[in-house]
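Below is one structure, written out as structure tokens, with a few remarks after it.
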Amino acid sequence: MNTDARTTGPRADAAESVPLLGGCLCGAVRYELAAPVSALVACYCADCRRATGTAASINARVPASAFRLVRGTPRVFTRAADSGRLLERHFCADCGSPIITRHADDTRQLILKVGSLDRQEGMTLAASIWTASAAPWAWVDRDQPCFPAGRPAPTA
Ligand SMILES: [Zn+2]
Ligand SMILES: [Zn+2]
């Protein structure tokens, strides 16, 4: 893993040039992520649809230890997910942008809302979950693995 951004150059894939930078729409919340982002997963569950106002939430699992807030503190909304596990949704209290989610029973991992990253180059979708809950108008990439419900194992 390359941790020196000076050697990656401006054209390096965002997926590989750490730390990655991101934040909310209004800029009140900013973070650094000292881990590469890969294996994006689209979640089509009803809660993600409502929380994002669109077809799916595009997520990446990252180690919690790699995530560091550098400005602001997201507001947290907690509710039982379709999996039955309590899920915390961390979002900007000023502009509403989703930043991360986290299972209350697993503090080692965060689920990054990939759209909050400043750069998206080189990132691709690896799987879709909760596709049985997808809206009838949602486009689902059937060329990638699709899981009607949650993913069987916490990979990615
Ligand atoms: Zn904001
Ligand atoms: Zn979801």
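Every read-out reported here was derived from the displayed coordinates using simple, explicitly stated rules and does not represent laboratory data. The model shown is predicted, which means the values in this text are computed figures rather than measured ones. Virtual Cβ from ideal backbone geometry, glycine too; neighbours counted across all protein chains shown.
For this structure, a couple of remarks:
- In region 107-150, the trypsin sites (Lys or Arg not before Pro) that fall in loop regions by DSSP, at most 16 other Cβ within 10 Å: R108, R119, R142
- Considering only the chain, percent of DSSP beta bridges that pair antiparallel, nearest 5: 85
- Taking 0.36 nm per residue of separation and subtracting the Cα-Cα distance, full extension of the segment from R79 to A138 would add 18.9 nm.
- Per-q log10 I(q)/I(0), region 21-106, q = 0.10, 0.12, 0.26 Å⁻¹ (Debye; single scatterer per alpha-carbon; no solvent): -0.24, -0.35, -1.55
- Computed label-point distance, nm, for sites S65 and R119 using a 7 Å Cα→Cβ extension: 2.5
- Cα-based equivalent ellipsoid of the chain: semi-axis lengths in Å, sorted from largest, via gyration tensor: 24, 19, 15
- Going by neighbour counts of Cβ atoms within 10 Å, the residues H103, H90 line up, fewest first, as H103, H90.
- When W139, W130 are sorted by how many other C-beta atoms sit within 10 angstrom of their C-beta, beginning with the fewest, the order is W139, W130.
- Amide H contacts for I129 (H built 1.01 Å from N in the peptide plane; partners 5 or more residues away or on another chain; cut-off under 5 Å): A42, C43, Y44, F147.
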